[in-house]
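The next block holds one structure in the form of C-alpha cells; read it before the comments.
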Protein chains: 2
Amino acid sequence: MSQANEKANRIATLPFSAHFDLASGLSNDYSSTKRPLSKMLGMYSDAEAFQVLVEAGDPDVYEFYELTMPDSANELLFGTSIVYPGRVGREYYMTKGHFHTILDTPEVYYCLNGQGYMLMENPEGDWKAERFLPGQAVYVPPRYAHRSINTGDVPLVTFFVYRADSGHDYGTLETKGFRKLIVDRNGQPEIVDNPKWSGER
Amino acid sequence: MSQANEKANRIATLPFSAHFDLASGLSNDYSSTKRPLSKMLGMYSDAEAFQVLVEAGDPDVYEFYELTMPDSANELLFGTSIVYPGRVGREYYMTKGHFHTILDTPEVYYCLNGQGYMLMENPEGDWKAERFLPGQAVYVPPRYAHRSINTGDVPLVTFFVYRADSGHDYGTLETKGFRKLIVDRNGQPEIVDNPKWSGER
Ligand SMILES: [Mn+2]
Ligand SMILES: [Mn+2]
C-alpha cells in the first residue's frame, strides 16, 4: 500500500488520557486481562508444584491492560502490566512472554514498582536479562521475545509502549519456552538453562 | 526503500536499560538538554515579563533527555521531560512544543509527578488540553503538535515514548505559537485564545 493510500485509509485517533496508578498499576478507566496460573500449563518447569497450586485455588499470576487502537505502524499502544509475587516450585511468577507478530518491532517498559527481570531472547540466539527496579526503563529491541519475572515480595508493575501493529505471538514460546529460567536459590534469583528448551523452531 | 532492503540496512539494537528517577525524572545514565528562558524568545505573550526574568538570571524552564537510536520506524525513543514551576507574566512555564517531522507519528506521555496540561493541536484545526496528574497517560495522536505546561508548584515530570524516526519540527510553532495559551487567573489555570496566533502556515 502506498503512503498516500495508507493515510487516506487511516482512522483518525484523537487526543485522550487514561489513568494508571503509579504504585499499583491499576486503572479505573479500563478492565484488565487476568492470567490465572491454569492458563500457563506447561510453562513452568515444576509440573507437580504447578498442579498443587492450581488445585489449591488457581491464583492470578499477572494482569495487564490492552487498549484498542487502529492496527497501524503510526499508532502506539500502552498500558500497565502487574506480575504478582510468588513462585511455582523454584521458578518465580512470570508472564507467558511473546514475540511480536511483526517480529521487527520494539517495546519500551518503564518499571513503576517492585523488582525482577525482563528476560529477552531473539531467534538468532542472543539473550539478555535486564533488571527491573523502580525507575528502570528497559528497551526490548526488534526481534526479541520478552517475559517479565517478579523476583520480589510485592507486585512488579511496569508501564509499556509498543507500535499498535506489532501483534502478539504467544504460540512459539508456549511450546518451546525461553532458553533461560530465573529461579530462587537460597533466597536469591539465579539464571539457569531451561532443560526443556529446544533449539528447533 | 523496500521492506527487505530496510531490514538489511538496519543497525541491530541490543537490549539495554536506563534509570529515570520516578519522582524527579532525573537520570544519572545520561546528560539532559536544558532550556533556559532566553532560548524561548518570542514564545511567551508577555515580552516585558520575559525580559525581566532573563535579565534577572535566565532560569531553566525545562530539561529533557534525548537518547540516540537508529532513525527507524522500527525503533522507539524514550526519556523524561521535567518542566519547572514558574510563570512569565500570567503564562505558566512550558516547553517550546513541536510537531513531528514525520507529521503522521504519535507519542505517549506518562505523568510521574506534578500537574499541568498537554496542549495539542493539529493543522486541521482541532485542539485539546489533556490534564497531567501523577499516573495520567496522555496519547498524542499522529499530526498533533504538543507542548507540556506546568500549572503547579512542583516540577512536572513525564516519561515519553515515540517512534525513533519521528523527528522534531520546532520552527512552525516558534513563529506562530499554539492557538491557545494557558494562563493563571486568580490562582487557577485558564485556557485562552492566543492573540498572536495566525492561521497562516
Ligand atoms: Mn510486547
Ligand atoms: Mn514529540
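Nothing in this text is a laboratory measurement; each read-out follows from the coordinates by a stated rule. Computed from a predicted model, the values in this text were never measured in an experiment. Cβ atoms come from the backbone with ideal geometry, glycine included; neighbour counts cover every protein chain shown.
The residues neighbouring B:Ser166, those whose beta-carbon lies less than 10 Å from its own, together hold a net charge of -4 under the Lys/Arg +1, Asp/Glu -1 convention. If you take all other residues with their beta carbon under 15 Å from the beta carbon of B:Asp29, and give Lys and Arg +1 and Asp and Glu -1, the sum is -3.
The rotation axis taking chain B to chain A passes closest to the C-beta of one chain B residue; that residue and the distance in whole Å read B:Val161, 2. Using the Cβ-Cβ distance between A:Leu41 and B:Asp71 with R0 = 56 Å, the FRET efficiency computed as 1/(1 + (r/R0)^6) comes to roughly 0.85.
Are there GluC sites (Glu not before Pro) in region A:98-155 that DSSP marks as loop and that have at most 11 other Cβ atoms within 10 Å, and which are they? Here the sparse-neighbourhood loop sites are A:Glu124.
Mind checking the mean number of beta-carbon atoms from other chains within 10 Å of the Cβ atoms in A:73-85?
Numbers: counts 5, 11, 7, 12, 2, 6, 2, 3, 0, 0, 0, 0, 0.
So the per-residue partner count for this stretch is 4.
Straight-line cross-link reach from A:Lys39 at under 23 Å between alpha-carbon atoms covers these lysines, not counting any fewer than eight positions away in the same chain: A:Lys96, A:Lys176, A:Lys180, A:Lys196.
Note down the net charge around B:Met94, summing +1 for each Lys or Arg and -1 for each Asp or Glu among other residues with Cβ under 11 Å from its Cβ.
Net charge around B:Met94: +3.
Mean per-residue shielding of peptide B:161-167 is 3, counting Cβ atoms of other chains within 10 Å of each Cβ. Each copy carries B:Glu66; placing its label point 7 Å along the C-beta direction from Cα gives inter-copy distances of 3.8 nm, listed from smallest up.
Normalised by the number of residues in region B:25-193, the mean separation of alpha-carbon contacts (under 8 Å, six or more apart) gives a relative contact order of 26 percent.
Averaged over peptide B:142-150, the number of partner chain Cβ atoms lying within 10 Å of each residue's Cβ comes to 2.
Can you pull the Rg over Rh of region B:25-193, Cα-only, Kirkwood? Result: Rg/Rh = 0.94. Of interest is the spacing of the C-alpha centroids, which for region A:74-105 and region A:149-193 amounts to 6 Å.
When +1 charges are put on Lys and Arg Cβ atoms and -1 charges on Asp and Glu Cβ atoms, the dipole computed for the protein assembly as shown relative to its Cα centre reaches about 160 debye.
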